[in-house]
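First comes the structure, then the notes that go with it.
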Amino acid sequence: MMISTFLSFGLLCVACGQPADKAAVRPAAPEKRTSAGPAKAIRVKHLAGEILSVDPKTKTITVRARDVDVELRFDDHTVVKIDLDAVKPQEIPPGTRATVKYVERKGRYVAKGIFISAETAEKRESPPQSAIRSFS
């Protein structure tokens, strides 16, 4: 019985192409190596201000926040909403107040979301109240 066990074990090793003494030992799984350092987390930043201009050719939008003009890029993945309605960036009326969520990539600001309240969009389309008032 013992001879038949060794013989079947030997035939198994020969069939697998390994010597009999190394058949029972399995090599350790190779370790997966990651990049040199941990991945840097992308932080989403917020900006609230007045939309000065939208340029669809260069895909940029300029926002004035705290007396500083900030130029942001937008792409096909940028979410633009007036209240709950999704619109294209070209449809944003200049002069409206907006909140912009953006990230910094390669030294440039990329807008991820532009959110406008319908009230501010409507106010911008009508003449300012100071023009309606008569000064006596």
For residue 80, list long-range residues whose amide hydrogen, built 1.01 Å from N in the peptide plane, is under 5 Å from its own amide hydrogen. 87, 114
Would you kindly derive the ³J(HN,Hα) couplings of the range 47-57 from the backbone phi angles with the Karplus curve 6.51 cos²θ - 1.76 cosθ + 1.60 (θ = phi - 60°), listing them in order in whole Hz, with x for Gly and Pro? 9, 10, x, 9, 6, 8, 7, 10, 10, x, 5
Between the residues 60, 117, 92, the Cα farthest towards the positive end of the dipole of the range 45-125, that dipole coming from +1 and -1 charges on the beta-carbon of Lys, Arg, Asp and Glu, is from 60
What's the tally of Lys pairs in the range 45-125 whose alpha-carbon atoms lie under 19 angstrom apart, where the two lysines are 8 or more places apart or on different chains? 17
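No lab work stands behind these numbers, since they all come straight from the coordinates. None of these values were measured; they are calculated from a predicted model. Positions of Cβ are generated from backbone atoms using ideal geometry, with glycine treated the same way; all protein chains shown enter the neighbour counts.
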